[in-house]
Amino acid sequence: MAAQFDLDTVIRKVPDFPKPGILFYDVTGILVHPEAFAYCVDVACERYAHAALDAIAAIDARGFVFASPIAYRMSLPLVLVRKNGKLPGRTIKRRFALEYGEDTVEVHRSDVRPGQKILIVDDLIATGGTLKAAADILSEAGAAVAGIFAVIGLPFLNYRNVLAGHEIATLIDYHSEHPE
Ligand code: AMP
């Protein structure tokens, strides 16, 4: 069993970052506390130990940090879902809407095989738009999204609607834009 850890004690909340009106949840406080980081990785490995996963997909960039030790510990391939233009091979891309504007993520075609069961990992789920784009790419490649795991969830942004049909797990949820 993973040792319990109260993640709220190490997640810094930064108002008006990176722009006015956004309360930014900073996961760097988790990374500098090894027992907090171990808790995140251990819970994920325990939760999906019997999920018969074939790969872990990691979202650029903070998702990489959490997904990498999970993939290593579970001896699974690690598939990078990258921001546009970073991958040299043939890719599958998805554009998606941001609060202001849009963004694109992509995955190497050769990194995903039809029929694979893949867990997607990110640091935080806000609107769910990035994860939805990642899930759509994996589906287009013929894989099955076995679940979505993130350290932090902001359910008041209604990501469960955007990600309807997917099994979602988070370690800590914040229920309003101004939790204090
Ligand atoms: P979204 O597509 O809206 O779910 O946004 C997801 C990505 O944006 C995550 O990978 C987070 O790293 C980042 N993000 C969005 N909102 C926040 C926030 N309030 N605090 C920290 N990171 C955020």
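Only the coordinates and a few stated rules stand behind these numbers; no lab work does. Treat the numbers as computed from the prediction; the structure is a model and nothing was measured. For neighbour counting, all protein chains shown are included, and Cβ atoms are generated from backbone atoms with ideal geometry for every residue, glycine included.
Observations on the structure shown:
- Protection proxy ranking of 141-147, 155-161 - average other beta-carbon atoms within 10 Å, highest first: 141-147, 155-161
- Residue pairs, from the table K13/K86; K86/K117; K93/K132, whose Cα atoms sit over 23 Å apart: K13/K86; K86/K117
- Of the peptides 42-49, 76-83, the order by per-residue mean of other Cβ atoms within 10 Å, starting with the highest, comes out as 76-83, 42-49.
- Going from the residue with the fewest nearby Cβ atoms within 10 Å to the one with the most, V65, V121, V14 rank V14, V65, V121.
- Rg followed by Dmax, in Å, when the chain is reduced to its Cα trace: 15.8, 46
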